[in-house]
1. Please report the projected area of the range 15-65's Cα convex hull averaged over all directions, in nm².
2. Most mobile of Ile122, Ile27, Ile90 per a Gaussian network model of the chain (Cα springs, under 10 Å)?
3. Long-range amide H contacts for Leu105: which residues qualify at under 5 Å (H placed 1.01 Å from N, peptide plane, sequence gap of 5 or more or a different chain)?
4. Return one whole number: the accessible area per residue of the range 1-82 in Å², for a 1.4 Å probe.
5. Please identify, among Ser57, Ser40, Ser117, the residue showing maximal mean-square fluctuation in a Gaussian network model of the chain using a 10 angstrom Cα cutoff.
6. Could you list which residues have their amide H under 5 Å from that of Val11, counting only those 5 or more apart in sequence or on another chain, with H placed in the peptide plane?
7. Please report, in debye to the nearest 20, how large the charge dipole of the chain is about its Cα centre when each Lys and Arg carries +1 at its beta carbon and each Asp and Glu carries -1 there.
8. Of all beta bridges DSSP finds with both residues in the chain, what is the antiparallel percent, to the nearest 5?
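The values are calculated or read from the model by the stated rules, or taken from the named source; none is laboratory data. If you're wondering where the values come from, they're calculated on a predicted model, not measured in any experiment. All Cβ positions, even for glycine, are placed from backbone atoms using ideal geometry, and neighbour counts span all protein chains on display. Only protein heavy atoms, including side chains, enter the accessible area calculation; ligands, DNA and RNA are left aside. Shrake-Rupley method; radii C 1.70, N 1.55, O 1.52, S 1.80 Å.
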Amino acid sequence: MNPSIDSGTGVVLFAHGSRDPLWRLPIDAVAQAMTTQWPSLSVAVAFLELTQPDLPSTVEQMMKQGLSHVRIVPMFLGVGRHAREDLPEIVSGLTEAYPQMRFELVPAIGEHPAMTSLMADIAAGQMVNQIDK
């Protein structure tokens, strides 16, 4: 397990949401992959709108599990208004509502250099053979 993740930490994959129920499948797949790789890690998904659960409901469930640290990972490729304004405002409200918990809001997943590199490889066709296997 990653040394920065302890038993009191939960990870929330936070995405926008959609009316299309199939839209959430990639986010759920990431959560499942994390659970498979780190079985003792509490991983959940939450959405800004149009899809359930929302972030406050997810955090409440994590608190009931006894977690004291929640790492929120915005599953956005770019940083628009939702990542820049809406999400920090929600996290601020959660910090007030749950002072016993520590909230860590990390940068949007699309800003990570590894993601940029991976997307470039995929777009260039470099990952085709690995994905097909």
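1. Projected area, direction-averaged: 3.5 nm².
2. So, out of Ile122, Ile27, Ile90, the one fluctuating most is Ile122.
3. The answer is Ile72.
4. Dividing the accessible area of the range 1-82 by its residue count gives 53 Å².
5. Ser117
6. Ser42, Val43, Ala44, Arg71
7. Working: 8 positive and 14 negative charges, 40 e Å.
Roughly 200 debye for the chain.
8. 0 percent
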